[in-house]
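**Q** Below you'll find the structure I mean.
The values are calculated or read from the model by the stated rules, or taken from the named source; none is laboratory data. Keep in mind that this is a model prediction, so the values were computed, not measured. All Cβ positions, even for glycine, are placed from backbone atoms using ideal geometry, and neighbour counts span all protein chains on display. Remember, those area values only see protein heavy atoms, side chains included, never the ligands or the DNA or RNA. Shrake-Rupley method; radii C 1.70, N 1.55, O 1.52, S 1.80 Å.
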Amino acid sequence: MTDSTTHRAIHAVWRIESARLIAGLTRMVRDVGLAEELAQDALVAALEQWPKSGVPNNPGAWLTATAKHRAIDLLRRGKRLQRKHEELGHEAEQETAVPDLDEVIDNDVGDDLLRLMLISCHPVLSTEARVALTLRLLGGLTTEEIARAFLVAEPTVAQRIVRAKRTLAEAHVPFEVPRGDELVARLSSVLEVIYLVFNEGYSATAGDDWIRPALCEDALRLGRILAELVPKEPEVHGLVALMEIQASRLRARVGPTGEPVLLLDQNRALWDRLLIRRGLAALERAGALGGEQGPYVLQAEIAACHARATTAAETDWARIAKLYETLAQRMPSPVVELNRAVAVGMAFGPAAGLELVDVLTAERSLAGYHLLPSVRGDLLTKLGRFDEARAELERAASLTRNARERHLLLERAEACARASRGPSQ
Amino acid sequence: MRFMVLMKADKDTEAGVLPSEELLTAMGKYNEELVKAGVLLAGEGLHPSSKGARVRFSGGKRTVIDGPFAETKELVAGFWLWQVKSREEAIEWVKRCPNPGEGDVEIEIRQVFEPDDFGPALTPELREAEERLRAQAVAKQ
């Protein structure tokens with residue numbers, strides 16, 4: 001094996017082992033930052049030794065043993081120091097008995113991973129910090145990879161991570177799995193972070209940088225891991241289902257020249273059937289747990305309606321409209337309401353959709369949102385009210401920041417103008 | 001990126017000998033690890049080639065050949081589909097697999113093509129044509 005192939009092998013081992021390693025070490029030393037340093041030290045040791053000795057048969061165990069030795073040294077040194085303090089008559093009542101370390105690091109791997117996810121997404125941290133820390137500690141991404149994925153400078157990400165670790169240490173955030181409602185609340189922050197990572201990759205459509213679409217894979221992987229850690233939380237399966245189904249459309253949502261292709265215009269033959277099947281299975285798992293459907297489960301149900309339709313014309317719009325109605329109750333938002341209006345328009349005719357949209361025109365938070373006049377223009381076109389439609393579509397064009405979309409909207413506005421003049425002219 | 005991981009056959013799998021309970025347990029545990037790591041997308045075991053068939057294409061002719069097939073070590077006894085970050089990661093995961101047979105058995109790792117793998121050779125125009133073809137192929141099914 002050459003040095004570079006060994007290095008690549010080491011990084012692969014790191015990707016597989018690092019999260020569990022850091023999680024176990026955090027439980028030992030009670031400090032995420034320190035735990036990551038210890039794990040990194042073990043990685044450096046591997047990078048020094050494995051090119052000479054070869055990759056050991058059980059590389060994960062090697063990394064764990066190496067990191068653990070360093071942790072024990074550290075704890076003993078700390079204890080010795082403390083004893084010295086005691087001899088000198090200093091107060092040191094704290095419990096610092098070195099626990100049975102083998103047991104501490106080998107047992108409860110799942111719980112440790114969950115604790116690590118919860119602490120990385122702790123509410124005491126900013127959203128950016130949560131994302132960076134999660135990708136770094138649980139996704140095994142390097143600072144450079146995170147920086148490229150989010151189009152920010154590497155030192156910025158490095159600083160975010162350093163600061164996040166310091167914040168966690170200063171706030172004495174416990175390394176724990178809370179129970180009941182608190183667990184649900186803390187999990188929702190984890191779900192939010194994972195979905196944010198997914199969307200960051202998903203919204204970067206044709207980008208030249210291959211790292212951004214890879215973010216979808218990172219998010220999916222984190223979601224799938226979380227679903228096994230807390231298999232009884234329906235919303236976790238809901239998020240996984242939502243991401244699997246959305247990811248199934250990745251190939252179809254960008255046209256040959258990089259332009260975005262809307263859901264109803266997509267070539268469904270390009271949808272990834274395997275991911276759709278996985279998404280539907282995750283949704284079934286969520287459903288089997290019973291209880292009230294949460295926002296992720298409902299959004300996944302809506303995505304599933306599209307996934308099940310072989311052609312756009314076969315879409316069960318009435319069901320989608322109903323699901324949006326429930327979603328609007330659980331998570332009231334003008335954007336959800338606008339989506340509901342579209343579904344109602346498709347299911348029960350443009351007049352019914354327009355009725356809902358008209359209510360929203362008074363909504364302040366949607367004032368600069370181009371999709372409102374765009375949807376309204378679309379419904380008015382279907383109703384044959386071409387002059388009003390044209391005005392709405394032009395307004396939508398003036399509001400969007402996307403050049404391709406503006407072009408499309410202006411084309412539709414022009415079509416309305418022609419229709420309005422009538423066929424004789 | 002995705003990899004198809006192919007478990008090759010041996011004389012036992014070809015004879016239809018079912019795995020021992022011990023191996024089944026070990027494999028079950030391994031698969032669970034793959035699921036917990038978010039790596040496993042799909043996987044199945046295959047019946048011996050005696051239950052399979054081949055269709056040979058030669059010019060305009062198609063000839064059906066019934067199993068079993070002779071070259072045991074080249075046959076596939078099962079497969080997984082994994083989503084990992086690199087070929088090396090796939091290799092690391094394969095190395096963790098319990099030894100599936102008594103004698104020498106091989107597991108082969110093959111990367112699945114993604115549209116971007118064709119690189120610039122696949123121009124937008126070509127890609128569109130290919131997608132049209134695919135759409136037609138599906139429509140005909």
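**Q** Choose one answer from A:Gly279, A:Gly353, A:Gly290: the residue with the largest mean-square fluctuation in a GNM of chain A with alpha-carbon springs under 10 Å.
**A** Highest fluctuation of the listed residues: A:Gly290.
**Q** Separate question: What GluC sites (Glu not before Pro) in the stretch A:262-338 are in a loop by DSSP, with at most 11 other Cβ atoms within 10 Å of the Cβ?
**A** On the way: sites: A:Glu284, A:Glu292, A:Glu301, A:Glu314, A:Glu325, A:Glu337; in loops: A:Glu292.
Counting only loop positions with at most 11 other Cβ atoms within 10 Å, the GluC sites (Glu not before Pro) in the stretch A:262-338 are A:Glu292.
**Q** I need the helices of chain A that pass two filters: whole DSSP H segments spanning 18 Å or more by Cα along the axis, and mean Kyte-Doolittle score no lower than -1.0. Intermediate values should be presented prior to the final figure.
**A** Values: long enough: A:3-29 (33 Å, 0.08); A:32-53 (31 Å, 0.18); A:59-87 (42 Å, -1.12); A:154-170 (24 Å, -0.52); A:180-203 (34 Å, 0.55); A:211-229 (27 Å, 0.52); A:234-247 (19 Å, 0.74); A:273-288 (22 Å, 0.29); A:295-308 (20 Å, 0.33); A:317-330 (20 Å, -0.38); A:334-348 (20 Å, 1.15); A:386-399 (20 Å, -0.44); A:403-421 (27 Å, -0.74).
Membrane-span-like by this rule: A:3-29, A:32-53, A:154-170, A:180-203, A:211-229, A:234-247, A:273-288, A:295-308, A:317-330, A:334-348, A:386-399, A:403-421.
**Q** Select from A:Ile161, A:Cys121, A:Gly140 the residue farthest towards the positive end of the dipole of the stretch A:114-171; place +1 on Cβ of Lys and Arg, -1 on Cβ of Asp and Glu, and compute about the Cα centre.
**A** Looking along the dipole axis, the top candidate is A:Cys121.
**Q** Let me ask another. Exactly which GluC sites (Glu not before Pro) in the stretch B:1-72 are in a DSSP loop and have at most 14 other Cβ atoms within 10 Å? Let's see the in-between values first.
**A** Working: sites: B:Glu14, B:Glu21, B:Glu22, B:Glu32, B:Glu33, B:Glu44, B:Glu71; in loops: B:Glu71.
For GluC sites (Glu not before Pro) across the stretch B:1-72 that sit outside H, G, I, E and B with at most 14 neighbouring Cβ atoms in 10 Å, the list reads B:Glu71.
**Q** Pick out, in residue order, every one of the trypsin sites (Lys or Arg not before Pro) in the stretch A:218-249 that is DSSP loop and has at most 10 other C-beta atoms within 10 Å; say none if there are none. Let's see the in-between values first.
**A** Numbers: sites: A:Arg221, A:Arg224, A:Lys232, A:Arg249; in loops: A:Lys232, A:Arg249.
Sparse-neighbourhood loop trypsin sites (Lys or Arg not before Pro): A:Lys232.
**Q** Of A:Leu191, A:Val335, A:Ala300, which is farthest along the charge dipole of the protein assembly as shown in the positive direction, counting Lys and Arg as +1 and Asp and Glu as -1 at C-beta?
**A** A:Val335
**Q** Sticking with the crude label model, points 7 Å out along Cα→Cβ, report the distance from A:Glu314 to A:Asp358 in nm, one decimal please.
**A** Spacing of the two 7 Å Cα→Cβ label points: 3.6 nm.
**Q** Per DSSP H run of at least 4 residues, take -39500 (n - 2.57); add these up for chain A, divide by its residues and hand me the 222 nm value, nearest 500 deg cm²/dmol.
**A** On the way: 19 runs with 303 residues, N = 425.
That calculation yields -23500 deg cm²/dmol at 222 nm.
**Q** List the lysines whose Cα sits under 29 Å from the Cα of B:Lys36, skipping any in the same chain fewer than 8 residues away.
**A** Correct list for B:Lys36: A:Lys68, A:Lys165, A:Lys232, B:Lys8, B:Lys85, B:Lys95.
**Q** Something else: Could you work out the local net charge near B:Val35, counting Lys and Arg as +1, Asp and Glu as -1, over the other residues with Cβ closer than 10 Å to its Cβ? Mind showing how you got there, number by number?
**A** Working: positive: A:Arg224, B:Lys36; negative: A:Glu228, B:Glu32, B:Glu33.
Neighbour charge sum, excluding B:Val35 itself: -1.
**Q** Using the Cα gyration tensor of the stretch A:334-425, with a ≥ b ≥ c the square roots of its eigenvalues, what is the shape: rounded (a/c below 1.5), prolate (a/b larger than b/c) or oblate (neither)? The partial results should precede the final answer.
**A** On the way: a/c = 2.15, a/b = 1.25, b/c = 1.72.
Here the stretch A:334-425 falls in the oblate category.
**Q** Now a separate question. What length, rounded to one decimal in nm, is gained on full extension from B:Ala53 through to B:Thr25, with 0.36 nm per residue of separation minus their alpha-carbon distance? Working shown, then result.
**A** On the way: separation 28, 0.36 × 28 = 10.08 nm, distance 3.06 nm.
So the chain would gain 7.0 nm between B:Ala53 and B:Thr25.
**Q** Count, for each residue of B:36-46, the Cβ atoms from other chains sitting within 10 Å of its Cβ, then give me the mean as a whole number. Before the final figure, lay out each step's value.
**A** Numbers: counts 9, 8, 12, 4, 1, 7, 3, 0, 0, 0, 0.
Counting Cβ atoms of other protein chains within 10 Å of each residue's Cβ and averaging gives 4.
**Q** Now a separate question. Under a Cβ-only charge scheme (Lys and Arg +1, Asp and Glu -1), can you give me the dipole magnitude of the stretch B:44-96 about the Cα centre, in debye to the nearest 20?
**A** Dipole about the Cα centre, nearest 20: 220 debye.
**Q** First measure r as the distance between the Cβ atoms of B:Asp66 and B:Glu44, then evaluate 1/(1 + (r/R0)^6) with R0 = 30 Å and state the FRET efficiency to the nearest 0.05. Can you show the working numbers first?
**A** Working: r = 22 Å, r/R0 = 0.72.
The calculated FRET efficiency here is 0.90.
**Q** Want the number for A:Arg421 to A:His407: 0.36 nm per residue separation, take away the alpha-carbon distance, what's left?
**A** Numbers: separation 14, 0.36 × 14 = 5.04 nm, distance 2.14 nm.
Once the chain is fully extended between A:Arg421 and A:His407, it gains 2.9 nm.
**Q** Based on Cα coordinates alone, diagonalise the gyration tensor for the protein assembly as shown, multiply each eigenvalue by 5, take square roots, and list the semi-axes in whole Å, largest first. Mind dumping the intermediate values first?
**A** Values: eigenvalues 427, 256, 92 Å².
Its equivalent ellipsoid spans semi-axes of 46, 36, 21 Å.
**Q** Still on this structure, I have one more. What dipole magnitude, in Debye to the nearest 20, does the stretch A:283-331 give about its Cα centre under +1 on Lys/Arg Cβ and -1 on Asp/Glu Cβ?
**A** Numbers: 5 positive and 6 negative charges, 11 e Å.
Using Cβ point charges on Lys, Arg, Asp and Glu, the stretch A:283-331 gives about 60 debye.
**Q** With charges only on Cβ, +1 for K and R and -1 for D and E, what is the dipole size of the stretch A:228-280 about its Cα centre, in debye, rounded to 20? Walk me through the numbers before you get to the answer.
**A** Details: 8 positive and 7 negative charges, 48 e Å.
The dipole of the stretch A:228-280 has a size of about 240 debye.
**Q** Right, another one. Per-residue accessible area for A:Val335 at 1.4 Å probe radius, Å² rounded to 10?
**A** 60
**Q** Right, here's the next one. Using every alpha carbon pair in the stretch A:164-304, what percent of pairs falls into each 10 Å bin from 0 up to the bin containing the largest distance?
**A** Here the calculated profile for the stretch A:164-304 is 12, 37, 31, 15, 5, 0.
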